[in-house]
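Worksheet: one structure, shown below.
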Amino acid sequence: MSRLPSASLVLPLFLCGGCLGPVKTLYPPAANQESRIVYVVSHGWHTGVIIPREHIPEGLWPAAADFDPARHVEAGWGDDGFYRAEKITLWISLKALFWPTPSVLHLVGVGDPLADFPASKLVQVELSRRGFERLCAHVSQTHEYSADGRALRLGSGLYGRESFFYQARGKYYLPKTCNYWTAQALRTAGCPITPIYCVTAGNVLFQTKRFGREVSRGRR
């Protein structure tokens with residue numbers, strides 16, 4: 001008799017084995033330790049992370065200073081052509097998914113996340129201080145910088161004067177999507193999330209709600 005597991009058992013074992021647990025030195029924050037609150041935001045097809053500016057260590061993420069006096073900054077990563085297109089076409093969508101293409105960071109100054117994004121879904125996540133700093137470093141390291149260390153701003157973002165696009169590192173392609181990047185940010189902070197499963201916004205929210213708290217379901 002064969003000792004190999006049947007095909008019906010291999011897939012569940014693979015999926016369960018692939019679910020990443022928390023990085024115990026980072027998450028969850030210990031009861032006697034200072035913690036930080038961030039938000040995962042879903043705008044439908046795209047997710048990002050909303051970060052409180054006041055807690056970002058000086059010099060760790062220089063571009064966050066571009067949004068003074070906003071209380072928070074939303075950061076999202078994505079395909080340059082798709083993100084900044086005036087009109088989305090089938091060709092732009094297919095190219096973004098199946099060809100490695102240049103990427104951008106989209107940063108938005110935010111006051112109160114619940115008030116500023118009433119139509120978006122929000123999940124609140126509590127991080128350890130060290131996990132929070134690692135998440136900020138993850139965003140900062142996604143920036144492309146000039147020779148003198150400045151983040152390379154490309155122009156106004158989707159929300160006018162309160163947002164900007166920046167040149168980013170890394171190529172965009174399936175499965176390395178904007179949602180994968182958001183999951184990577186959370187994983188860097190120690191959260192029990194598996195980025196490779198996070199191709200869509202729904203995947204990100206499904207996993208994040210297991211360890212975070214849903215605070216807004218958006219408008220229906």
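The values are calculated or read from the model by the stated rules, or taken from the named source; none is laboratory data. Keep in mind it's a predicted model, so treat the numbers as computed, not measured. For neighbour counting, all protein chains shown are included, and Cβ atoms are generated from backbone atoms with ideal geometry for every residue, glycine included. Each accessible area value is taken on the protein alone, full model and side chains, heavy atoms only, with ligands, DNA and RNA left out. Shrake-Rupley method; radii C 1.70, N 1.55, O 1.52, S 1.80 Å.
Structure notes:
- Any hit, region 99-121, residues being more than 19 Å from the chain's Cα centre (by Cα) and either modelled with pLDDT of 95 or more or open to solvent by less than 50 Å² (accessible area, probe 1.4 Å) (or both): no
- Qualifying residue in region 186-206 (condition: at pLDDT 95 or above, surrounded by 14 or more Cβ atoms within 10 Å (Cβ to Cβ) and basic (Lys, Arg)): yes
- Residue among Arg187, Arg130, Arg210 that alone is of a type outside the set (Asp, Glu) and in a loop (DSSP other than H, G, I, E, B): Arg210
- Failed condition for Glu162, given (1) at pLDDT 95 or above; (2) assigned to a strand (DSSP E or B); (3) surrounded by fewer than 19 Cβ atoms within 10 Å (Cβ to Cβ): (1)
- Cβ-Cβ under 8 Å pairs, at least 6 apart or on other chains, region 47-76 side closer than 13 Å to Leu135 by Cα, far side assigned to a loop (DSSP other than H, G, I, E, B) and open to solvent by 40 Å² or more (accessible area, probe 1.4 Å): Pro52/Arg71; Arg53/Asp68; Arg53/Arg71
- Selection within region 27-52 - within 18 Å of Phe165 (Cα to Cα) and open to solvent by 40 Å² or more (accessible area, probe 1.4 Å): His43
- Lone unmet requirement of (1) surrounded by 21 or more Cβ atoms within 10 Å (Cβ to Cβ); (2) modelled with pLDDT under 95; (3) over 25 Å from Leu205 (Cα atoms) for Glu58: (1)
- Taken over region 1-30, the criterion of being aliphatic (A, V, I, L, M) and modelled with pLDDT of 90 or more is satisfied by Val23, Leu26, Ala30.
- Within region 127-157, the set of residues being open to solvent by 90 Å² or more (accessible area, probe 1.4 Å) and in contact (Cβ under 8 Å) with a residue 60 or more places away in the chain comprises Arg129, Arg130, Arg134, Arg150, Arg153.
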